[in-house]
Amino acid sequence: MFYDNATIEVRSGNGGNGVVSFRREKYIPNGGPDGGNGGRGGDVILRADRNINTLQDYRFQHHFSAEDGESGRGKRMAGSSGASLVLKVPAGTLVLQSGTREMIADLKEDGDEVILAKGGTGGRGNMCFANPSRQAPRFATAGRTGATVKIDLELRLLADAALVGFPNAGKSTILSVVSAAKPKIASYPFTTLQPILGVVDVGGTRFVLVDVPGLIEGASEGAGMGHDFLRHVERARMLIHVVDASSFDGIDPIDRFNAINEELAQYKNLLGKRPMWVVLNKIDIVEEEEIERLREEIEREGYRVFAISAVTTQGVMAFKQALAAEVVTLPLPELEEIEQMKVYRFEKKYDFEIVTDKQIVCVEGPYIRELMLSTNFSDTESFRHFQKRIIESGIQDALLDAGVEEGDEVFLDGSSFEFSL
């Protein structure tokens, strides 16, 4: 199955904790602190891979985590860093901040990558805190918590040319005769339910052609599956408008031609920004006079016109050769700026929150967790440092604002303390 959008949540690895350790070896008195540093947490990386053409891997699994760093050890041994997690997506994938639609990356080419979440840094062992005035530090710091990010993935197919037009115009049949693609072909509208790519080879010149499912009037405003299909046209170098010349339902092909052009013009002005050719299909069942009438009217508007029959292959080779010569001369178009939701944020220097549940006041979050893990409450110097950081981080003021009074019980990352000014 073809999936062109997904929402996932990724978490980078936590940094490993530093360790408190002292050197203890025979005949070596006063060995001193030798606690090693914690390892760094793994990053989460998104990488474009040309061998993938769908986001199906993210249809059912939505949560991904990199490996945590290991804690340090004695004898100045550092913990190993966590392995980074590499997630592969098709080339042409847009990476957007979920909710705000803020662009994070546009992975166009094979091998393009972006770091979605950096791993937390490792904590420092007590060997890092030794100095002439503090020769036996009995505390170490905790590793930093990894980042959690929720993102939207949107695939916009990379194709040199895109076949567009009304349902049942013969786009899938054209793709099947000019390439090795095998789309489903039937005599009813909306047979093609998802974009299909085909590689066309003409005398050594290779290019990619995409069959976009049939559009209807109102597609530019989201009617039918309009936006889902039209976004795959955005990266195409040129458009191939396939027109059913047979008038099988009594509607003039020119009316259908103009209707689709209107939709293309309204959707990000695709018609004005992409060169377009017109293919009159099914000429094997249409009178020659009608073909000439359609050709003259469309050429009068400045479009290059090809008359073919995808069923009998009449005119197909000439069209394929002309298309191969044209697409190699065209640049890959730039995407329009993504619509973003304006969001105003203030940067939190200390990441914590005050939670009140049934008159129990709790301080939670990465900052307080790391502070608790970094404190040796049996060591006077470490405890003084803890008190200082509680004040300078704003936790004390936040507790006062929450109505906490001296002597009240407060839980810091799950541990009970008596509040004191």
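Here, each number is a calculation from the coordinates, and none is a lab measurement. Computed from a predicted model, the values in this text were never measured in an experiment. Cβ sites come from the backbone with ideal geometry, for glycine too, and all protein chains shown count toward neighbours.
Based on the inverse mean of 1/r over its pairs of different Cα atoms, what is the Kirkwood hydrodynamic radius of the chain, in Å?
Final number for the Kirkwood radius of the chain is 26.3 Å.
Starting from the range 18-106, pick out the trypsin sites (Lys or Arg not before Pro) whose DSSP state is loop and whose Cβ has at most 10 other Cβ atoms within 10 Å.
Answer in residue order: 24, 26.
State to the nearest 20 debye the size of the charge dipole of the range 1-78 about its Cα centre, where the only charges are +1 on K and R beta carbons and -1 on D and E beta carbons.
For this selection, approximately 540 debye.
Show me, for the range 352-366, the HN-Hα J-couplings you get by feeding each phi into the Karplus relation (A = 6.51, B = -1.76, C = 1.60, θ = phi - 60°), rounded to Hz, glycine and proline as x.
Ordered by residue, 3J(HN,Hα) equals 8, 9, 9, 10, 10, 9, 6, 6, 9, 9, 10, 10, 10, x, x Hz.
If neighbour count is taken as other Cβ atoms inside 10 Å, put 241, 62, 385 in order from fewest to most.
62, 385, 241
In a shell of Cβ-Cβ distance under 10 Å around residue 368, excluding residue 368 itself, what net charge do Lys and Arg (+1) and Asp and Glu (-1) give?
For residues surrounding residue 368, the net value is -3.
How tilted is helix 288-300 with respect to the longest principal axis of the chain? Cα atoms for both, answer in degrees (0 to 90, nearest 10).
Compared with the principal axis, the helix lies near 50 degrees.
Charges at C-beta only: +1 for Lys and Arg, -1 for Asp and Glu. How large is the resulting dipole of the range 353-418 about its Cα centre, in Debye rounded to 20?
Working: 5 positive and 15 negative charges, 45 e Å.
In total the dipole reaches around 220 debye.
Determine the dipole magnitude for the chain: charges of +1 sit on the beta-carbon of Lys and Arg, -1 on that of Asp and Glu, nothing else is charged, the reference point is the Cα centre, and the result goes in debye to the nearest 20. Numbers along the way, then the final one.
Details: 47 positive and 63 negative charges, 491 e Å.
My answer is approximately 2360 debye.
Given H placed 1.01 Å from N in the peptide plane, which residues other than close sequence neighbours of residue 412 have an amide H under 5 Å from its amide H?
Long-range HN contacts for residue 412: 363, 417.
Along each of the three principal axes of the Cα atoms of the range 1-156, give the extent in whole Å, ordering the values from largest to smallest.
The Cα atoms of the range 1-156 stretch 69, 29, 25 Å along their principal axes.
Angle, helix 380-392 long axis vs. longest principal axis of the chain, Cα atoms, 0 to 90°, nearest 10?
With rounding to tens, the tilt is 50 degrees.
How about the range 343-420: which chymotrypsin sites (Phe, Trp or Tyr not before Pro) there lie in a loop by DSSP and see at most 10 other Cβ atoms within 10 Å?
Details: sites: 344, 346, 350, 352, 367, 377, 383, 386, 411, 417, 419; in loops: 344, 346, 350, 352, 377, 419.
Counting only loop positions with at most 10 other Cβ atoms within 10 Å, the chymotrypsin sites (Phe, Trp or Tyr not before Pro) in the range 343-420 are 344, 346.
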